[in-house]
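Below is one structure, written out as C-alpha cells; comments come after it.
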Amino acid sequence: MKCQSAFAFLSIASFAIAQNNRTLQSVTPVAVGQTAAFSLTYPTAAAGNVYLFAYTVPQYPGIQSLQIPGFTVQGLVRIDPSNFQEMFVGVLDASGHLTRGVALPNDPLLVGLTFDLQSVDLALSTSTLTFSDNELMLTIADVLPNMLPIAAGTFAMGSGVAPLNVAPYFNQADARPVHPVTITQPFWIGRYEVTQSEYQAVMGNNPSAFVGPQRPVEQVTWNNAMAYCASLTVSERAAGRVPAGYQYRLPTEAEWEYCCRAGTATEYSVGAALTCAQANHGQNHHTGQNCSIGGTTNVGSYAANAWGLHDLMGNVREWCLDSWDGAPNYPTAGVSDPYGTSGNTNRVIRGGSWLHDSFFARSAWRRSSHPSEALFINGFRVALAPALVP
C-alpha cells in the first residue's frame, strides 16, 4: 500500500514547569496545503500584550535564557534565537485563549522537515518579553490514504437512558454513568472499515464470508486485527511515514466512541433514532422494519457522520484495543485518555453490524468478544495514534 497524501503532524515537543502560564497546544493534524491548528493559553492579565509566534528551521535542540538590551525577558527560549522567523503578530485579548494556524505549502518536498514553534508576548508598558513555557514541534509526514485527522477534545462518554433493557435503546448498565472524557492528543482514524483488498495486501489472505474487495474484511479475530496493525506500522515506519511516538493500532473504545459521536450527544450520531437508510443493520426498533440485507455492503455505502467517517453504526462490529472486565466500570468523574488493560481476556467490540438490531448501533453500546473469535459480523478500522501497549 503506497502513501498518496502528505500530512502535517503538530505535537508538543517539550515540556517545562509552568512559570509564565503560557502553554501551546496542538489542535489537529491536517494535510499539506491546509492549516495545522494550534492554540495558546495565557493569563488574562496579559490582555493588551503584543504577541508573536516564531518558528525555527531546522529544529533547535537547545534551551537557553536570552538577554536583549532595554527589555526584561521572562522564560526560556526553546527555538533558535538566531533564526527567528515571524509567523503571526497580534494583540492578546481578555479571553486567555487564542487559536491560530500554520498554513502549509502543498509541496511534497517538505515531507520529513521539522519546525519548532514558540510564542512570545510583549508588555509595552514595562518592556517585558515573556516566552511560553513550551514549544510545539511541527513535523511534515505521510500517512495512508483515507486516514482522517481527528482533533484532541472532550466529549460525554456513555448513555444515561433509563430504564435499562427497554426498547428502543435497551441501554445497559455498562454504558453508565455518562462522564466527561478528554482525548489529549490528535490522531488519525480510517475513514472506512478495513476493506478486504487492504487486508489482502498486508496479510496475504482474505478470511471474509461476504467476498468483495471494497467490502469490510470480516471473520477476523482481535489477534488478526492486531497483526495487521503491527505489520502496517513496521512497513510505514520503515518508509518514514509514522510520526515519532505513534503507531498504527486499533482505536481505544474512548477514541472509537469519540469518533462515532462526531460531536453529538444523542443516542446515534444521526439523532435520537435510526432508519434503514442510515446504516446497514437488522431489526429496527424505531420503525418496526427489518432492515437487514443479509450481509455486508461496500464501505461508504451509507452517509458519513459529521467528521467524514462511515459505517460506525453498522456493517460490521469493530474491534477496539481495550480489554474488558465485564462489569459497569465507568467513573463518575472526568478522565483523560482512558484505556482498559486489566480484566478478563475478552476485548472490547463496538458498533452494530448488518445482523444486529438498531440498538447495537448506538454510540454508547459496548460488548466484548474473545480475541480468538472470528465471526462474519466482526471487522475493524485502524487508527494512527499515540503508541499503547495492550
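The values are calculated or read from the model by the stated rules, or taken from the named source; none is laboratory data. These numbers were taken from a predicted model, which means no experiment stands behind them. Glycine also receives a Cβ, built like all others from the backbone with ideal geometry; neighbour counts cover every protein chain displayed. Ligands, DNA and RNA are excluded from the accessible area calculation, which covers all protein heavy atoms including side chains. Shrake-Rupley method; radii C 1.70, N 1.55, O 1.52, S 1.80 Å.
Pair-distance distribution P(r) for the chain, from all Cα-Cα distances in 10 Å bins starting at 0: 5, 22, 28, 22, 14, 7, 2, 0 percent.
What full-extension length gain, to one decimal in nm, is calculated for Ser336 and Ala151 as 0.36 nm per residue of separation minus the Cα-Cα distance? The partial results should precede the final answer.
Details: separation 185, 0.36 × 185 = 66.60 nm, distance 1.43 nm.
That works out to 65.2 nm of additional length.
The label-point distance for Arg367 and Thr345, in a model that sets each label 7 Å from Cα toward Cβ, rounds to 2.1 nm. Evaluate the relative contact order of region 173-316 (contact order divided by residue number), counting alpha-carbon pairs under 8 angstrom at least 6 apart; express in whole percent. Relative contact order comes out at 24 percent.
Once the Cβ-Cβ distance of Thr266 and Thr99 is raised to the sixth power relative to R0 = 45 Å, the FRET efficiency obtained is 0.95.
At 1.4 Å probe size, what's the solvent-accessible area of Tyr258? Round to the nearest 10 Å². Accessible surface of Tyr258 is approximately 20 Å².
Among Ala262, Ala364, Ala123, which one shows the biggest mean-square fluctuation in a GNM of the chain, springs joining Cα atoms closer than 10 Å? Greatest mean-square fluctuation among the candidates belongs to Ala123. Around the amide H of Val299, modelled in the peptide plane, lie the amide H atoms of Arg215, all under 5 Å away and 5 or more residues distant in sequence or on another chain.
How much mean residue ellipticity at 222 nm does the chain get from its helices, if each DSSP H run of length 4 or more adds -39500 (n - 2.57) and you divide by all residues, to the nearest 500 deg cm²/dmol?
Numbers: 3 runs with 34 residues, N = 390.
Helices in the chain give a 222 nm mean residue ellipticity of -2500 deg cm²/dmol.
Return the FRET efficiency for the residue pair Ala45, Phe170: r is the Cβ-Cβ distance, R0 is 41 Å, and the value is rounded to the nearest 0.05.
Numbers: r = 52 Å, r/R0 = 1.27.
My answer for the efficiency is 0.20.
Of the peptides 370-382, 171-183, 79-91, the order by per-residue mean of other Cβ atoms within 10 Å, starting with the highest, comes out as 370-382, 171-183, 79-91. What's the carbon and sulfur percent of the chain's accessible surface, probe 1.4 angstrom, rounded to a whole number? Result for the chain: 55 percent of the exposed heavy-atom area is carbon or sulfur. Over region 245-290, the alpha carbon radius of gyration divided by the compact-protein estimate 2.2 N^0.38 Å works out to 1.50.
In percent, rounded to a whole number, the relative contact order of region 85-214 is 17, using alpha-carbon pairs under 8 Å and six or more apart.
Ordering Ser342, Ser197 by accessible area with a probe of 1.4 Å, largest first, what comes out? Please list the in-between numbers first.
Details: Ser342 85, Ser197 50 Å².
Per-residue accessible area, sorted high to low, gives Ser342, Ser197.
Taking a ≥ b ≥ c as the square roots of the eigenvalues of the Cα gyration tensor, region 281-367 is prolate, since a/c reaches 1.5 or more and a/b is larger than b/c. Rolling a 1.4 Å probe over the heavy atoms of the protein chains gives the chain an accessible area of 41 Å² per residue.
Rolling a 1.4 Å probe over the protein chains gives His310 an accessible area of about 30 Å². Here the simple spin-label model places points 7 Å from the Cα toward Cβ, and for Phe88 and Ala244 these points are separated by 2.5 nm.
Whole-Hz Karplus values for region 328-344 come out as x, 9, 6, x, 8, 8, x, 9, 10, 6, x, 7, x, 10, 10, x, 7 Hz, taken residue by residue from phi with 6.51 cos²θ - 1.76 cosθ + 1.60 and θ = phi - 60°; glycine and proline positions read x. Phi-derived couplings, Karplus 6.51 cos²θ - 1.76 cosθ + 1.60 at θ = phi - 60°, listed residue by residue for region 271-283: x, 7, 9, 10, 10, 4, 7, 9, 6, 7, 9, x, 5 Hz, with x used for Gly and Pro. Of Gly48, Gly282, Gly190, which has the largest mean-square fluctuation in a 10 Å C-alpha GNM of the chain? Residue with maximal mean-square fluctuation among Gly48, Gly282, Gly190: Gly48.
The relative contact order of the chain comes to 17 percent, based on Cα pairs under 8 Å that sit 6 or more residues apart.
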